[in-house]
Ligand code: IPE
Ligand code: IPE
Ligand code: MG
């Protein structure tokens, strides 16, 4: 590879997020707009997931984290919750082969102990079947809450202190991060929320400290290839400063190229 080519691909990589996190919102409204019951939007949402995963695979994005069910979503009508659980189960069974084909590794994040035993088994099985895949890491957040994640990290740290394995003084941001529910991936570079709301709704609270936020009114089942490409384009024009000045960032970019 010539120097020029290496630099070129480096600069393209820099402009693409390594990790995208998405709040897939608007399924209910999408269905209602069509005169359907709101839960009919969820299967349509699964179709959109397929498309987005495909683009991420093509673009060689490292990690995609999708918010599928929040710790607060249990408060929905029982019928809708049951349908979402059924759909989750069916999708795990059905999609695994497609994930395999695309070298996608699946990981479910969240408190899975609240799920029915057969669903927990199916999650484990899908994770096992895809565990050696080296392509995109697809993290599905199910019964996930950012506050739950931070709380369980605090609990784990307290246990380590109690067991004498850790001194309170050793707890810094890095140590804390290591006890969150995923530790081996970069924090999200790009956060996308569809459905028009401009809130985080208890998604990745700790991990999104410096994530670029992107909101679109498009309802999740309508979120297609073009919509994702638009978000990626928007991201490529952001200047990430991490507390520094714009000039410092420019100087550093110039030095690197
Ligand atoms: C997101 O779509 C899917 C889940 C929360 C499971 P919604 O079901 O929240 O759709 P809206 O926001 O009611 O339209
Ligand atoms: C966030 O959407 C959770 C998921 C997409 C899974 P919600 O529809 O539950 O969020 P709120 O209630 O409007 O904040
Ligand atoms: Mg919603």
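List of remarks:
- Across all Cα atoms of region 177-257, the radius of gyration (one decimal) and Dmax (whole number) stand at 15.2, 43 Å.
- Peptides 87-96, 242-251 ranked from most to least packed by the mean count of surrounding Cβ atoms within 10 Å: 87-96, 242-251.
- Prolate/oblate/rounded label for region 35-159 (Cα gyration tensor, a/c 1.5): oblate
- Spacing of the modelled spin labels on residue 98 and residue 47, each 7 Å from Cα toward Cβ, amounts to 1.1 nm.
- Full-stretch length increase - residue 206, residue 244 - with 0.36 nm per residue and alpha-carbon distance subtracted: 11.7 nm
- Order by protection proxy (mean Cβ within 10 Å, highest first), peptides 124-137, 43-56: 43-56, 124-137
- Debye intensity ratio I(q)/I(0), log10, region 117-224, q values 0.12, 0.16, 0.19 Å⁻¹ (C-alpha model): -0.59, -0.97, -1.18
- Over every Cα atom in the chain, the radius of gyration and the widest Cα-Cα span, Dmax, amount to 19.6, 60 Å.
- Stretching residue 116 away from residue 253 to a fully extended chain increases their span by 44.3 nm, per 0.36 nm per residue minus the current alpha-carbon distance.
- With helices as the sole contributors, the chain gives -15000 deg cm²/dmol at 222 nm; each DSSP H run of n ≥ 4 counts as -39500 (n - 2.57), and the sum is divided by every residue.
- Using alpha carbons only: equivalent-ellipsoid semi-axes of region 214-257, gyration tensor based, whole Å: 31, 12, 5
We did not get these values from a lab; they are worked out from the coordinates using the rules stated. Just so it is clear, the structure is predicted and the values come from calculations on it, not from any experiment. Every residue, glycine among them, receives a Cβ derived from its backbone with ideal geometry; neighbour counts consider all protein chains shown.
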